[in-house]
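Undergrad: Following this message is one structure expressed as structure tokens.
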Amino acid sequence: MEIERPTDIAAALVALAETPDATVLAGGTDLMVEINFGHARPDRIVALRRVGELKELNGSIGSGVSWARLEQGPHRALAQAARTVGSPQIRAAGTIGGNLATASPAGDGLPFLAALDAEVEVRSATGSRLLRWDEFLTGPKQNALEPGELIHSVVLPEEIPVRQEFGKVGVRNAMVISAVMACVMRYDDGRTRVAVGSAGPTTLRARRAEEMMSAESSPSEAAMSEFQRIVSEEVKPITDHRSTESYRRHAAGVVARRLLERCLEAG
């Protein structure tokens, strides 16, 4: 196994241009599991830990920013999601770029990005592309990266609502891959955004529920119940070793409603 350790973004892109099928390594919290179980045997690795540009956290989020930094960050729902990721050691190593690249439907940071319609900037030696989150996430553990490209950063919109909440359910409270997770946001003008993870082939938006609740300036109990019902209808869960289709469908509605209630209380 050959390992390249570039110290700047230009060198990283040159390394990928020379070997486009090289495996990109950031925190390694997903890749090392695959290697340990014999599911991956990369011949060449481009390690990005020394590339400082990927760790920048300002208007955008560099792909190398760790969960440990995000849990102390300014975005409430993303910080809540970061605190649920693995153990302190995992949060110190794992990155939001790795979450995106793995493209798991259970990626903890993805509902926040989906709720904001965030964009993913990818770069290669020949240029860069901006892809909206749902253009980048193409299927379960599938993304739109082309050979020779790496994830540079996540670009957030200028308008980010203060009222935002994240929550998830699983078989225990800590170090768990969720059965269902959700992020709900409520703008000052009533616009509501709902993104759900672990309940479809990719993270998804409950757009009918969003439209319904965005029209409610002071949601009644009946409106909240209808919101919960629509979210449960819109998700596309499966039955697997972590949960059943029916439980995930029910839980998605319950979690989304509870998060919306928190947003409304904060207002």
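The values are calculated or read from the model by the stated rules, or taken from the named source; none is laboratory data. This structure is a prediction, so every number in the text was calculated from the model and none was measured. We place every Cβ from the backbone using ideal geometry, glycine too, and count neighbours over all the protein chains shown.
Undergrad: So, of the residues in region 36-48 that are touching a Ser or Thr at 6+ places or on another chain (Cβ under 9 Å) and within 18 Å of A101 (Cα to Cα), which turns out to be modelled with the lowest pLDDT?
TA: The selected residue is A40.
Undergrad: Here is a follow-up. Residues to consider are G59, G28, G52; find the one that is within 25 Å of Q72 (Cα to Cα), small (G, A, S) and surrounded by 15 or more Cβ atoms within 10 Å (Cβ to Cβ).
TA: G28
Undergrad: Now for a separate question. Do you know which of the residues in region 33-43 that are surrounded by fewer than 15 Cβ atoms within 10 Å (Cβ to Cβ) and in contact with a strand residue (DSSP E or B) (Cβ under 9 Å, 6 or more places away or on another chain) is nearest to R91 (Cα to Cα)?
TA: The selected residue is A40.
Undergrad: Of the residues E158, E146, which single one is of a type in the set (D, E) and either over 19 Å from the mean Cα position of the chain (by Cα) or over 21 Å from L70 (Cα atoms) (or both)?
TA: E146
Undergrad: Which residues, counting only those in region 85-103, are surrounded by fewer than 21 Cβ atoms within 10 Å (Cβ to Cβ), at negative phi and touching a residue at least 40 places away in the same chain (Cβ under 8 Å)?
TA: Matches in region 85-103: S87, I90, A93, T102.
Undergrad: Can you work out which of the residues in region 191-208 that are surrounded by 24 or more Cβ atoms within 10 Å (Cβ to Cβ) and hydroxyl-bearing (S, T, Y) is nearest to H241 (Cα to Cα)?
TA: S198
Undergrad: Among the residues of region 76-84, are any within 30 Å of I238 (Cα to Cα), part of a loop (DSSP other than H, G, I, E, B) and within 12 Å of the chain's Cα centre (by Cα)?
TA: No - not one qualifying residue is present in region 76-84.
Undergrad: Can you find a residue in region 174-193 that is within 30 Å of A10 (Cβ to Cβ), out of contact with any strand residue (DSSP E or B) (no Cβ under 7 Å at 6 or more places or on another chain) and not hydrophobic (A, V, I, L, M, F, W, C)?
TA: no
Undergrad: Output the strands (runs of 3 or more DSSP E) that fall wholly within region 136-190 and possess 3 or more residues being in contact (Cβ under 8 Å) with a residue 12 or more places away in the chain and surrounded by 14 or more Cβ atoms within 10 Å (Cβ to Cβ), or say none.
TA: 150-155, 163-169, 180-186
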